[in-house]
Amino acid sequence: MKSCIHADAPALAALHAGCFVGREAWGAEAMALMLRMPGGFGLWRPGAGFVLVRAIAGEAEILTLAVLPEARRQGLGQGLMAAALARAAARGAAAMLLEVATDNAPAQALYASLGFAKVGRRRRYYADGRDALVLRRELALIPPCAAAGR
């Protein structure tokens, strides 16, 4: 997996458009903005998928996880998430949060397999009116000296 940089924003937007429809797909400007936010970072496999994360003030949030349909069910989503969890912990996050659509059973199964548990619900969270579940997972903190080698 590679770290995302601002120059990757157009490619990330193209991947996102291949995974999400309509207003749910984010453009290159949104991708670049997410990467520039304090604590923002991304990991990706070019041409297949990526995850964008924000880790700040002891907490991390998955901003988006996108894996192209033809690359799904091959462990890429799990690998991206595992790397994101490790990187967030190395940056001092004690927990990670995310939102997932209530009707997205495959994503919910992935997150459950990684130890995420439901902590809330956001009504009408998505542009089409669907609700989102809020999921959380505690992270094992990695000592700063160990994280420095990454």
Top-ranked residue in the range 10-23 [being surrounded by 15 or more Cβ atoms within 10 Å (Cβ to Cβ) and under 15 Å from the mean Cα position of the chain (by Cα); ranked as farthest from Arg91 (Cα to Cα)]
Cys19
Please state which of the following conditions Val21 fails to meet, knowing it meets all the rest: (1) of a type in the set (Val, Ile, Thr); (2) more than 21 Å from Val134 (Cβ to Cβ); (3) touching a residue at least 40 places away in the same chain (Cβ under 8 Å).
(3)
Restricting the search to the range 31-45, which residues are surrounded by fewer than 16 Cβ atoms within 10 Å (Cβ to Cβ) and in a strand (DSSP E or B)?
none
Given (1) free of Cβ contacts under 8 Å to residues at least 24 places away in the same chain; (2) touching a strand residue (DSSP E or B) at 6+ places or on another chain (Cβ under 9 Å); (3) not in a strand (DSSP E or B), where does Arg121 come up short, assuming only one miss?
(3)
Being on the phi < 0 side of the Ramachandran plot and among the charged types (D, E, K, R) is the filter; apply it to the range 53-88 and report the residue that is farthest from the chain's Cα centre (by Cα).
Glu70
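We did not get these values from a lab; they are worked out from the coordinates using the rules stated. What you see is a predicted model; the values in this text were computed from it and never measured. For neighbour counting, all protein chains shown are included, and Cβ atoms are generated from backbone atoms with ideal geometry for every residue, glycine included.
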